[in-house]
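Notes to accompany the following structure.
The values are calculated or read from the model by the stated rules, or taken from the named source; none is laboratory data. Note that the structure is a prediction, hence the values are computed from the model and not measured. Reconstructed Cβ throughout: ideal geometry from the backbone, glycine too, with neighbour counts over all protein chains shown. Keep in mind that these areas ignore ligands, DNA and RNA; they rest on the heavy atoms of the full protein, side chains included. Shrake-Rupley method; radii C 1.70, N 1.55, O 1.52, S 1.80 Å.
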Amino acid sequence: MNIREALLAEHSKTQTMKIVEYVGGDTERFGELMRLFLSDTYRLSQRAAWAVSYCAELHPELVKPYFGKLINQLERDDAHVAVRRNVARMLQFVEIPKRYQGRAFDACLALVDDPSEPVAVRCFSMTVAARLAAGSPELLNELRLVVDQHSASMTAGLRVRARRLTES
């Protein structure tokens, strides 16, 4: 399978799952998918994001060499929302190495704090930030302060995530 052609041929869950199945746990195929995901080509990056997210959920070990680049995507203002959404979603399922935890927490906190971000990005980012803050009362309080600032304007999805956060 030519991953690039498959991504451009069709954007559907069925097509995405074919790509995920093709990549499997293969590091070279995942590397090819990541190159497309991290490319500056809007449509390729957007479409690859979904497949990358599912691959990482099924084979979290594949993500290890890419943490720095993935967090860069969360920090970029010009990254497509599909990229930020799927990176944040993916980070919910993987163990983030210690050396990237500070940047990941800061990037996720900034996304939670940005009311212009879509709900899914904010929800996934809240979950990642809460996981990273576990065991650190200072970080957990910082996250709670940001969440509380936006409580009046939160959607139902954000309120549910926030409630889970305050119960932990």
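Set against the labelled values (1) 29, 17, 13; (2) 21, 21, 16; (3) 27, 19, 12, semi-axes √(5λ) of the Cα gyration tensor in Å computed from this structure falls on (1). If the segment from Ala156 to Glu95 were pulled out straight at 0.36 nm per residue, it would be longer than the present Cα-Cα gap by 19.2 nm.
Rounded to the nearest 0.05, the FRET efficiency derived from the C-beta distance between Glu21 and Glu75 at R0 = 41 Å is 0.85.
For Arg43 and Lys13 in one chain, what is 0.36 nm times their gap in residues minus the Cα-Cα distance, to one decimal in nm?
Details: separation 30, 0.36 × 30 = 10.80 nm, distance 1.56 nm.
Here the segment from Arg43 to Lys13 would lengthen by 9.2 nm.
Assuming charge only on the beta carbon of Lys and Arg (+1) and of Asp and Glu (-1), the dipole of the chain about its Cα centre is about 240 debye to the nearest 20.
So, with a 1.4 angstrom probe, what is the percent of accessible area on the chain that is carbon and sulfur?
Numbers: 4240 of 8560 Å².
The computed percentage sits at 50.
In the chain, a dipole from Cβ-located charges (positive for Lys and Arg, negative for Asp and Glu) runs towards its positive end, and of Ala9, Ile71, Tyr100 it is Ala9 whose Cα lies farthest in that direction.
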